[in-house]
Amino acid sequence: MMCSCCASSFGRLRSRCPRPRGLINLIVTKGMLLAGLVLRNVPYVTDAVYVDAAWSAALRSVALSIILARAGLGLDPSALRRLKAVCLRVAVGPCVVEACVVAVVSHFLLALPWAWGFLLGFVLAAVSPAVVVPSMLLLQKEGYGTEKGIPTLLMAAGSFDDILAITGFSTCLGVTFSTGSTWMSVLKGLLEVAGGVLGGILVGVFLCFFPGADQEDVVATRSFLLLAFSIFAVFFTQVVGASGAGGLCTLVLAFLAALGWRADKMGVAAILGRCWDVFQPLLFGLIGAEIVITTLSLSTVGLGVAVIAIGLVVRLATTFAVVHGAGFVLKEKFFIAIAWLPKATVQAAIGSTALDTARDVGDETLVKFGLDVLTLAVLAILITAPIGALGIGLAGPRLLSRQVKVPEPVDGSPADRSEDPAIFESRL
């Protein structure tokens, strides 16, 4: 038996120890990525297990829609309203700066033409929602950073970051292969953003009122409808050639639906969490299966690593700078910069697009440039996904303050706050 003083001290010490669940989850995630890598690159295993490219892309799209729907449900309206300006800066600043830096560095180190350099820059500049969103949801559930809305900030900004990167990539691809006017490509990107927001608002408002709260199995019905509309938005925008709008539409409709489902929001989020448990190994395993080691050019790997490293350093500095003046302390700024490192989903989705287009054209020079882009996309996944994921898992509990609910006393007497951890406790 411990005295009340010792018990209080033990509870305070325990509350300051970071929980290992996030780290374990991230280690398992990396195992999934490596499993997919083995399936694609070990000769006997590759012959025994065939992964159809179309099914792989479809399953990754379903998993992406689930991630974005969970992100929309997890957004905090008050924090988003308070951080809307810094959210825009975090979404735009690091992405654009990194893309420009990578374009310049790759032009001089890899001898890529300027158009191909910017195309590569936007491929590498996108952050991975497959890594960031689950990590932020876990930190938010544990209460880390919720006082200042840091998980909400990063989940919301991540979707805009990907849209900006995909729009920039599509524009550069059009310029590189002369598939249309540059101004028309830019206009198309802006229309995708507007269309995604408008579609998300319409569907989100509809879900707020249907089905009604008095119906049977309302939580299951709302979960099914949210998943159905989210998956439809991602696939439909891909079919019509506006893939940048699908992610934003899903994020907006889930956010608005959650505003109308205040009583059932947690139940819907729990069901989507179970769906994510099913699709998480598929997503990361299939991303790993997209990486073919034989396509890596040894002559460009070293210079490619240098290009990626320079881009990451600039991205860290830019992210740290754009959150200045937003009310974050030094440790929180460091965490936001670290959380903005991982890359996987977008790079796996569009990394080979330029190579496929170059092969259709039949120009060997363009094929070489396309192989260089794919090589750096693969390297970015292998380098940044583990570093970023582990960085978030290890740094979150140490750099973010934790919001702890003080339990009500059993005997009805006022709670002795001197014996409880601080409500907002800074992590060392």
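Can you find, within the stretch 257-301, the residue that is least open to solvent (accessible area, probe 1.4 Å) among those that are among the hydrophobic types (A, V, I, L, M, F, W, C), assigned to a helix (DSSP H, G or I) and farther than 25 Å from Leu59 by Cβ? In this case the residue turns out to be Ala258. For the stretch 312-342, taking the residues that are of a type in the set (Phe, Trp, Tyr) and assigned to a loop (DSSP other than H, G, I, E, B), the one that is farthest from Val92 (Cα to Cα) is identified as Phe328.
Listed conditions (1) within 22 Å of Ala270 (Cβ to Cβ); (2) of a type in the set (Asp, Glu); (3) open to solvent by 30 Å² or more (accessible area, probe 1.4 Å) are all met by Glu147, apart from (1). Contact annotation: residue pairs with Cβ atoms under 6 Å, 6 or more positions apart or on different chains, pairing a residue in the stretch 113-141 that is crowded, with 24+ Cβ neighbours inside 10 Å with a partner that is among the basic types (Lys, Arg) and modelled with pLDDT of 85 or more, are Ser128/Lys343. Within the stretch 361-402, the set of residues being among the hydrophobic types (A, V, I, L, M, F, W, C) and farther than 21 Å from Ser299 by Cα comprises Val361, Ala385, Ile387, Ala389, Leu390, Ile392, Leu394, Ala395, Leu399, Leu400. The residues of the stretch 340-360 that are surrounded by fewer than 17 Cβ atoms within 10 Å (Cβ to Cβ) and in contact with a helix residue (DSSP H, G or I) (Cβ under 7 Å, 6 or more places away or on another chain), listed by number, are Thr357, Arg359. Using the structure shown, decide if Val323 is out of contact with any Lys or Arg (no Cβ under 8 Å at 6 or more places or on another chain) and in contact (Cβ under 8 Å) with a residue 24 or more places away in the chain. The answer is no for Val323. The residues in the stretch 250-272 that are closer than 23 Å to Val131 by Cβ and modelled with pLDDT under 85 can be counted, and the count is 1.
The values are calculated or read from the model by the stated rules, or taken from the named source; none is laboratory data. Everything numeric here is computed off the predicted structure, so don't read it as measured data. Quick reminder, even Gly has a Cβ in these numbers, built from the backbone with ideal geometry, and neighbours come from all protein chains shown. In case anyone asks, the SASA skips ligands and DNA or RNA and just uses the protein heavy atoms, side chains included. Shrake-Rupley method; radii C 1.70, N 1.55, O 1.52, S 1.80 Å.
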